[in-house]
Amino acid sequence: MKLTVRRKGKKKTVPIPAFISALVILLSLLIISVLAAITFGNAEISVKEVYSVIAWEIFRDERFSSYASGAVHDVVWLIRFPRVLLAVAVGMGLSVCGVIMQAVVKNPLADPYVLGISSGASLGATLAILFGFGTFLGSNSVGIMAFLGAVATSFAVLFLSKIGGTSNAGRLILAGMAVSAVCSAFSNFAIYLANDKNATSEIMFWTMGSLASAKWENVRVILPIMILGTAIFWTQFRNLNLMLLGDETSVTLGTDLHKVRGKYMILSSLMVGFAVYAAGVIGFVGLVVPHAVRMIFGTDHKLLIPISALVGSIFLIWADVLCRIILKNSELPIGVLISLIGAPCFIYLMVRRSYGFGGERT
């Protein structure tokens, strides 16, 4: 049995055993990456101590009871482990949403932030930091305001894309550009009015992205949401494949994609909003990972979604490890490192003569 995807009149088949083998290998690599990443950090903790803490917390074996508390326990269990799992969740969510956004707007250069979600999140965080919006929400007010900003921006884009006609890929892109410009302008205006250097530095650091604030409370909520969202999108692979062929073609095949496009936008925005809430703004993951996977496995979303989820998780885990160890006694914002990787990839995709993307080459 083979999975088939058409590309400009040709068929590209991927045998089911090869697909399953790839999933097993990537899942194994993900587990190995999680276990390995916990051993990295500025604090000098031996591998034995790291796994002794984990063994105590998971199995409650009395042989490891000496690691039930103390500085080593806190660093491993309360700081490193939730941070690595948050990287898994955020990498998965951003990569899958990148796949979805590229299908929804039928643009191979799209990522989760192409429709203004990033700018909306930044505006929400800016208002929280500079003017205290959402202080009643407690210590997580900045992240929650960023989440609300991302979701509100998405609804605004959907609303604008339907004015004067039916929403389609072109209208979504134009509405996203307009909303992004407005949000960026308001953010810059707020920074100018506040004239607070300390707050401006905090905003800049937050918009660069970081997993340093990871907590078990966040991981227990965000990781299941990302897994559930990925599973839901995986069941929609047929509609996503049709989106690459265009609205007119899908209608002739008996499927109207206008309604489902809005639903996919809302779910993607919720996933990105949670990622922004937990880790700030991290760009390019949703652009680089789907393209890397697509170049190997083709454009069939039945393959593309689960493999992108695993690759995105692994990618963000090791990107975060590099951020922790690349500078001694300091931490590089993860958004900076990923931009250094993603920007050249973005330029490469722009200057490349042609790119296989579903039913046509762009």
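Observations, loosely collected:
- Accessible area per residue for the chain is 47 Å², calculated with a 1.4 Å probe on protein heavy atoms, without ligands, DNA or RNA.
- Between the entries (1) 171; (2) 135; (3) 150, the label attached to volume of the Cα convex hull per residue in Å³ calculated for this structure is (3).
- Other residues lying with their Cβ under 14 Å from the Cβ of Gly280 contribute a combined charge of -2, Lys and Arg counting +1, Asp and Glu -1.
- Gyration tensor (alpha-carbon) shape descriptor, the range 115-254, a/c threshold 1.5: oblate
- Asn195 paired with Ile58, simple spin-label distance in nm, labels 7 Å along Cα-to-beta-carbon: 5.6
- Charged neighbours of Asn140, selected by a Cβ distance under 11 Å, balance to 0 (K, R count +1; D, E count -1).
- Expressed as a whole percent, the accessible area of the range 147-245 that falls on carbon and sulfur atoms is 69 (1.4 Å probe).
- Here the contact order of the range 58-215, divided by its residue count and restricted to Cα pairs under 8 Å and six or more residues apart, works out to 28 percent.
- Three-way shape label, the range 86-173, alpha-carbon gyration tensor, a/c 1.5: oblate
- Unit charges on C-beta of K, R, D, E only; dipole of the range 152-307, Debye: 220
- Rounded percent of accessible protein surface that carbon and sulfur make up, the range 7-90, 1.4 Å probe: 66
- Overall, the chain carries a charge dipole of about 1480 debye about its Cα centre when +1 sits on the Cβ of Lys and Arg and -1 on the Cβ of Asp and Glu, all other atoms neutral.
- Anisotropy class of the range 58-128 from Cα gyration tensor, a/c 1.5 cut: oblate
- Number of Lys pairs (Cα under 24 Å; 8 or more positions apart or on different chains) in the chain: 23
- Difference of contour (0.36 nm per residue) and Cα-Cα distance, Val221 to Glu202: 4.3 nm
- Kyte-Doolittle mean at least 0.5 and Cα axial length at least 24 Å: DSSP H helices in the chain: 16-37, 81-104, 141-162, 169-194, 216-234, 258-279, 301-325, 334-351
- Farthest positive-ward along the range 154-261 dipole, Cα basis, beta-carbon charges - from Ala212, Ile225, Asn195: Ile225
The values are calculated or read from the model by the stated rules, or taken from the named source; none is laboratory data. Since we're looking at a predicted model, the values are computed, not measured. When we count neighbours, we look across all protein chains shown, and the Cβ atoms used for this are built from the backbone with ideal geometry, even at glycine. In case anyone asks, the SASA skips ligands and DNA or RNA and just uses the protein heavy atoms, side chains included. Shrake-Rupley method; radii C 1.70, N 1.55, O 1.52, S 1.80 Å.
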